[in-house]
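The values are calculated or read from the model by the stated rules, or taken from the named source; none is laboratory data. Values in this document were obtained by computation on a predicted structure and should not be read as measured data. Please note: Cβ atoms are built from the backbone with ideal geometry, for glycine as well, and neighbour counts cover all protein chains shown.
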(Lines give C-alpha, C1' and ligand atoms only; values in the text may rest on other atoms or scores of the structure.)
Protein backbone atom coordinates (compact mmCIF):
# COMPACT_ATOMS: atom_id res chain seq x y z
CA UNK A 1 0.00 0.00 0.00
CA UNK A 2 1.41 3.36 -1.04
CA UNK A 3 1.44 6.13 1.52
CA UNK A 4 -0.41 9.29 0.62
CA UNK A 5 1.54 12.49 0.65
CA UNK A 6 0.90 14.17 3.97
CA UNK A 7 -0.58 17.59 3.43
CA UNK A 8 0.50 20.02 6.08
CA UNK A 9 -0.99 23.44 6.38
CA UNK A 10 -0.29 26.28 8.74
CA UNK A 11 -3.24 27.98 10.45
CA UNK A 12 -2.49 31.54 11.45
CA UNK A 13 -4.08 34.93 11.91
CA UNK A 14 -5.11 36.59 8.66
CA UNK A 15 -3.20 39.71 7.58
CA UNK A 16 -4.89 42.91 6.40
CA UNK A 17 -2.95 42.74 3.12
CA UNK A 18 -4.66 39.38 2.41
CA UNK A 19 -8.24 40.69 2.58
CA UNK A 20 -8.68 40.83 -1.21
CA UNK A 21 -7.20 37.35 -1.68
CA UNK A 22 -9.44 35.91 1.06
CA UNK A 23 -12.47 37.61 -0.53
CA UNK A 24 -11.58 36.12 -3.92
CA UNK A 25 -11.19 32.69 -2.32
CA UNK A 26 -14.62 33.00 -0.69
CA UNK A 27 -16.22 33.89 -4.02
CA UNK A 28 -14.43 31.05 -5.87
CA UNK A 29 -15.50 28.62 -3.16
CA UNK A 30 -19.14 29.71 -3.52
CA UNK A 31 -18.90 29.49 -7.33
CA UNK A 32 -17.55 25.94 -7.08
CA UNK A 33 -21.06 24.77 -6.10
CA UNK A 34 -22.55 25.87 -9.42
CA UNK A 35 -24.36 29.03 -8.42
CA UNK A 36 -25.25 31.29 -11.35
CA UNK A 37 -23.33 34.55 -11.94
CA UNK A 38 -26.24 36.76 -10.85
CA UNK A 39 -26.47 35.00 -7.48
CA UNK A 40 -22.71 35.19 -6.99
CA UNK A 41 -22.76 38.91 -7.72
CA UNK A 42 -25.56 39.32 -5.18
CA UNK A 43 -23.35 37.52 -2.61
CA UNK A 44 -20.21 39.53 -3.34
CA UNK A 45 -20.65 42.07 -0.54
CA UNK A 46 -21.38 39.35 2.04
CA UNK A 47 -18.26 37.46 0.93
CA UNK A 48 -16.00 40.51 0.96
CA UNK A 49 -13.43 40.52 3.76
CA UNK A 50 -12.41 43.95 4.97
CA UNK A 51 -8.77 44.58 5.99
CA UNK A 52 -9.83 45.75 9.46
CA UNK A 53 -11.31 42.30 10.14
CA UNK A 54 -7.80 40.84 9.76
CA UNK A 55 -6.88 42.07 13.21
CA UNK A 56 -5.33 38.92 14.69
CA UNK A 57 -8.60 37.99 16.42
CA UNK A 58 -11.46 37.67 13.94
CA UNK A 59 -10.03 35.67 11.01
CA UNK A 60 -7.60 32.80 10.57
CA UNK A 61 -6.25 31.40 7.33
CA UNK A 62 -4.80 28.04 6.37
CA UNK A 63 -1.89 28.09 3.95
CA UNK A 64 0.56 25.63 2.50
CA UNK A 65 3.81 26.72 0.92
CA UNK A 66 2.51 30.29 0.69
CA UNK A 67 -0.75 29.27 -1.03
CA UNK A 68 -3.96 30.30 0.69
CA UNK A 69 -6.06 27.15 1.19
CA UNK A 70 -8.93 28.47 3.27
CA UNK A 71 -10.10 30.79 5.99
CA UNK A 72 -12.41 30.80 8.96
CA UNK A 73 -14.02 33.60 10.87
CA UNK A 74 -13.72 33.03 14.58
CA UNK A 75 -17.14 32.53 16.20
CA UNK A 76 -18.15 35.44 18.34
CA UNK A 77 -16.59 38.08 16.11
CA UNK A 78 -18.53 41.32 15.88
CA UNK A 79 -19.06 41.20 12.11
CA UNK A 80 -22.52 39.68 12.34
CA UNK A 81 -24.47 38.58 15.36
CA UNK A 82 -26.69 36.38 13.19
CA UNK A 83 -23.74 34.57 11.60
CA UNK A 84 -21.34 33.39 14.31
CA UNK A 85 -18.70 31.94 12.01
CA UNK A 86 -17.92 31.06 8.42
CA UNK A 87 -15.26 29.31 6.43
CA UNK A 88 -14.19 28.55 2.88
CA UNK A 89 -11.79 26.01 1.45
CA UNK A 90 -9.98 26.54 -1.84
CA UNK A 91 -11.76 24.42 -4.49
CA UNK A 92 -9.76 21.48 -5.82
CA UNK A 93 -6.96 22.07 -3.33
CA UNK A 94 -6.91 18.47 -2.14
CA UNK A 95 -7.74 19.60 1.36
CA UNK A 96 -11.51 19.13 1.31
CA UNK A 97 -11.25 15.64 2.77
CA UNK A 98 -9.25 16.93 5.73
CA UNK A 99 -11.24 19.80 7.16
CA UNK A 100 -9.96 21.03 10.49
CA UNK A 101 -11.85 22.98 13.11
CA UNK A 102 -9.86 25.65 14.83
CA UNK A 103 -11.48 26.08 18.21
CA UNK A 104 -10.63 29.51 19.52
CA UNK A 105 -12.31 31.13 22.48
CA UNK A 106 -14.10 34.29 21.50
CA UNK A 107 -11.79 37.23 21.95
CA UNK A 108 -8.58 35.20 22.17
CA UNK A 109 -5.84 35.30 19.60
CA UNK A 110 -5.43 32.29 17.30
CA UNK A 111 -2.86 29.95 18.75
CA UNK A 112 -3.23 31.25 22.30
CA UNK A 113 -5.70 28.61 23.42
Requested in this report: Find all pairs meeting these conditions: Cβ atoms under 6 angstrom apart; at least six residues apart or on different chains; first residue within the stretch 51-76 and part of a helix (DSSP H, G or I); second residue crowded, with 19+ Cβ neighbours inside 10 Å.
Outcome: 53/59
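This table checks each residue for (1) surrounded by fewer than 16 Cβ atoms within 10 Å (Cβ to Cβ); (2) in contact with a helix residue (DSSP H, G or I) (Cβ under 7 Å, 6 or more places away or on another chain); (3) at pLDDT 90 or above.
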{"residue": "12", "(1), (2), (3)": "yes, no, yes"}
{"residue": "61", "(1), (2), (3)": "no, yes, yes"}
{"residue": "84", "(1), (2), (3)": "yes, no, no"}
{"residue": "92", "(1), (2), (3)": "yes, no, no"}
Query - Subset of the stretch 23-43 [surrounded by 14 or more Cβ atoms within 10 Å (Cβ to Cβ) and not in a loop (DSSP other than H, G, I, E, B)] - result: 23, 24, 25, 26, 27, 28, 29, 30, 31, 40, 43
